[in-house]
Amino acid sequence: MILLANPNANPVTTAAMCAIAAPWLADLQGWTAPTGPQVIVTPDQLDRAADGIAALHPPAACRGVIVAAFGDPGADRLAARLAVPVIGIGAAAARAAAQGGRAFAVATTTPALRDRIDALMRGQPGRYLGCHLTDSPDVMGDPDALDHALLEAVMRAAAAGAEAVIIGGGPLAQAAVRLAPLSPVPLIQPVPEAARAMAQLLAR
């Protein structure tokens, strides 16, 4: 069994991410943070989520954990504690985006997390060009407005030279699926990239 751990306290998002990851990981089980915000949008919330993930005790049958928030909160600390692989969706997306030496960027909705996202992306291989934000962060409740705002951010990233763009956020996973056919450059979806990486790791 693979555990998809959602640090956001939103079981609907957990179910959506599990459905997106299922083609690569049939034996997937979701876990949702019991407390905290529905969507992590501040550094303090990310830090509290990291403490929750670091303290996670997966079932004995667990063969790997995907940390399904884009800042990868607590992933390193959990990996140091467990004997099974732990993959954060942010790092997995960065590795995929940077393949072949591509320049890449992030499009997302959380301005307060820009510095954390930049630090995570710069810690991965590849040429990171920066984080492009939606004009308003208050679009999460309206899928059409969210798609429009994210696509505009993707367009700005591509115009700035990005050869691939990551949609940065576990709760944005469904938007990333919808926008993939519309993007002028390859759109990197963090949840599928983490699921693919976990499947490849376990197949070795």
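The values are calculated or read from the model by the stated rules, or taken from the named source; none is laboratory data. Note that the structure is a prediction, hence the values are computed from the model and not measured. Here the Cβ is made from the backbone with ideal geometry for all residues, glycine too, and neighbour counts use every protein chain on show. These accessible areas exclude ligands, DNA and RNA; they are computed on the full protein's heavy atoms, side chains included. Shrake-Rupley method; radii C 1.70, N 1.55, O 1.52, S 1.80 Å.
Can you tell me which residues in region 117-150 are over 17 Å from the mean Cα position of the chain (by Cα) and either crowded, with 17+ Cβ neighbours inside 10 Å or at pLDDT 85 or above (or both)?
GLY126, ARG127, LEU129, VAL139, ASP142, PRO143, ASP144, ALA145, HIS148, ALA149
Within region 14-37, which residues are touching a residue at least 60 places away in the same chain (Cβ under 8 Å) and open to solvent by 60 Å² or more (accessible area, probe 1.4 Å)?
Answer for region 14-37, where residues must be touching a residue at least 60 places away in the same chain (Cβ under 8 Å) and open to solvent by 60 Å² or more (accessible area, probe 1.4 Å): PRO23, TRP24.
Considering only residues that are closer than 18 Å to ALA180 by Cβ and not aliphatic (A, V, I, L, M), look in region 96-116 and name the one that is farthest from the chain's Cα centre (by Cα).
ARG102
Filter region 102-115 down to residues that are out of contact with any His (no Cβ under 9 Å at 6 or more places or on another chain) and either over 20 Å from ALA175 (Cβ atoms) or among the hydrophobic types (A, V, I, L, M, F, W, C) (or both), then give me how many there are.
Qualifying residue count for the region: 6.
Identify, please: which residue in region 76-102 is under 11 Å from PRO125 (Cβ atoms) and outside any helix (DSSP H, G or I) and is, among those, least open to solvent (accessible area, probe 1.4 Å)?
ALA98
Scan region 153-183 for residues that are open to solvent by 10 Å² or more (accessible area, probe 1.4 Å) and farther than 23 Å from MET140 by Cα and jot them down.
Hits for region 153-183 are ALA159, ALA160, GLY161, GLU163.
Within region 6-13, does at least one residue satisfy the condition of being more than 21 Å from HIS57 (Cβ to Cβ) and exposed (fewer than 15 other Cβ atoms within 10 Å of the Cβ)?
Yes; the residues of region 6-13 include at least one that is more than 21 Å from HIS57 (Cβ to Cβ) and exposed (fewer than 15 other Cβ atoms within 10 Å of the Cβ).
Go through region 64-88 and report how many residues are touching a helix residue (DSSP H, G or I) at 6+ places or on another chain (Cβ under 6 Å), touching a residue at least 40 places away in the same chain (Cβ under 8 Å) and not acidic (Asp, Glu).
Of the residues in that region, 12 qualify.
Given the conditions (1) modelled with pLDDT under 95; (2) within 13 Å of ALA107 (Cβ to Cβ); (3) of a type in the set (A, V, I, L, M, F, W, C), and given that ALA173 satisfies all but one, which numbered condition is not satisfied?
(2)
List pairs: first residue in region 121-146 and free of Cβ contacts under 8 Å to residues at least 12 places away in the same chain, second residue in a loop (DSSP other than H, G, I, E, B) and surrounded by fewer than 21 Cβ atoms within 10 Å (Cβ to Cβ) anywhere in the structure, Cβ distance under 9 angstrom, at least six positions apart or on different chains.
Note: pairs meeting the criteria are ALA145/SER136; ALA145/ASP138; ALA145/VAL139.
Is it the case that some residue within region 156-170 is at pLDDT below 90 and in contact with a helix residue (DSSP H, G or I) (Cβ under 7 Å, 6 or more places away or on another chain)?
yes
Exactly one condition in (1) modelled with pLDDT of 95 or more; (2) farther than 20 Å from THR32 by Cβ; (3) of a type in the set (Gly, Ala, Ser) is false for GLY74; which is it?
Every listed condition holds for GLY74 apart from (2).
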